[in-house]
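A quick write-up on the structure given underneath.
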Ligand SMILES: Nc1ncnc2c1ncn2[C@@H]1O[C@H](COP(=O)(O)OP(=O)(O)OP(=O)(O)O)[C@@H](O)[C@H]1O
Ligand SMILES: [Mg+2]
């Protein structure tokens, strides 16, 4: 396949417009690089009908414009048409005048062989300001992922959206803690945003959920996401799961989306510590201070989780204003909560004498209780038992405790030598510097 470089394409498009698009010369026009969002079919479909671009001019839709030099080729994103190459003619009208803007877009390859859409517009000189207003609106829609409202939008993940399905009641944590968290968020959007704004402070609040693995932090995030969706807030989930991993620019991208949002926005960053290379720490400070984060006047809350609060700089942890609140998400503290959770996971198999193991669940994370229940149920079914005896439940608990203790012992004795993937990742994080700890 032949690849045409960006420069040649650029020239060819400009020449084509001059030669084959008569209005370019008839109405004195400028050529400009247009924002590639203007060639995004889905974003365009969300521009308001009759969107006003100033001086009484309204946007009246667009047509595809034949251009024998560029074949229309469309990319699809999450089952919707996204960028489209080829020609598009945008129409604008006021009571006594009208004008068109032609945009030609072509795929070009950069040095890394990524294809990008180069868009060049022919804009009547006297309507440049009107066009720029339109372009800004399309860019805003594109950036704020308005087409994806109603779902949780994922930045940097393998998927684009997900539905939050966890409900508050499914999370077994102290009621007071759940209430405190939800009230903090609700109060911020309901009242805080106005107060911050009045005091000339950016309405940007940051919460951290810290706790050992498996205590329900991800569940909490998912429940908050679902709550936000019900309220028609914009919810962005920053994911480290695509090929780029946990990279700081993803947080930045989410903040920019929040700034373009016309709704209160919740940003969820799981495992915040993994986004913090040494180089990124200073940037994070600035972002958390708000000095480098664009503002959303409807308010933005960032919720981060971590298993390793100690890895997050003291400058972040100990100074309110960077992370405003830290909620410790605990292991099971109360027998009553542990019993309810065990009952929930055992379902119909629950028997009164199962209560006897409840004290042994204290001090363990929720994920532990879940595994005790699931393993016991699976083994009972596998052995063809119709009931889950206390003994089988005890067995499940004991094997899990033994396994955890054996693993802890193994890890402690191998702590000095990181192995395999872990070592490789660590080396990468350190830029392949040899590092003695
Ligand atoms: N408090 C809880 N209430 C109900 N279920 C829980 C709770 N904690 C953990 N679980 C169960 O354990 C699973 C793992 O929990 P979750 O992913 O929320 O933990 P986490 O705190 O995010 O862990 P990590 O820090 O490792 O990411 C959940 O899917 C759920 O089934
Ligand atoms: Mg988690």
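All of the numbers you see were taken from the coordinates with simple rules; none came from a lab. Not measured: the values here are computed from a predicted model. Neighbour counts run over all protein chains shown; Cβ positions are idealised from the backbone, glycine included.
According to the square roots a ≥ b ≥ c of the eigenvalues of the Cα gyration tensor, what is the shape class of the range 335-414, taking rounded for a/c under 1.5, prolate for a/b larger than b/c otherwise, and oblate for the remainder? Taking the square roots of the gyration eigenvalues as a ≥ b ≥ c, the range 335-414 is oblate. Counting every other Cβ atom within 10 Å of each residue's Cβ, 85, 71, 389 order from fewest to most as 71, 389, 85. Only helices enter this figure: runs of n ≥ 4 DSSP H residues, each worth -39500 (n - 2.57), summed and divided by the residues of the chain, yield -12000 deg cm²/dmol at 222 nm to the nearest 500. Among rounded, prolate and oblate, which fits the range 1-66 when a ≥ b ≥ c are the square roots of the eigenvalues of its C-alpha gyration tensor, a/c under 1.5 means rounded, and a/b larger than b/c means prolate? It is oblate, given that a/c is not under 1.5 and a/b is not larger than b/c.
Which whole-number percentage describes the relative contact order of the range 161-328, with Cα contacts under 8 Å and a sequence gap of 6 or more? Computed over the range 161-328, the figure is 33 percent.
Does the range 6-143 come out rounded, prolate or oblate by the C-alpha gyration tensor, with a ≥ b ≥ c the root eigenvalues, rounded set by a/c under 1.5 and, if not, prolate when a/b is larger than b/c and oblate if not? Note, shape of the range 6-143 comes out oblate. Would you kindly calculate the translational diffusion coefficient of the chain, applying Stokes-Einstein with the Kirkwood radius from alpha carbon pairs, for 4 °C and a viscosity of 1.567 mPa s, and quote it in µm² s⁻¹ without decimals? Rounded to a whole number, D works out at 50 µm²/s. Based on C-alpha pairs under 8 angstrom that are at least 6 apart in sequence, the range 6-143 has a relative contact order of 31 percent. Between 0 and 90 degrees, the angle of helix 335-346 with respect to the longest Cα principal axis of the chain falls at about 70 degrees.
Using all pairs of distinct alpha-carbon atoms, the Kirkwood hydrodynamic radius of the range 161-328 works out to 16.1 angstrom. When the Gaussian network model of the chain links Cα atoms closer than 10 Å, the mean-square fluctuations of 41, 146, 251 top out at 41.
Could you work out how far helix 420-429 tilts from the main Cα principal axis of the chain, as a 0 to 90 degree angle to the nearest 10? For helix 420-429, the angle is close to 50 degrees. With respect to the chain, whose longest principal axis is taken over its alpha-carbon atoms, helix 366-382 is tilted by about 70°.
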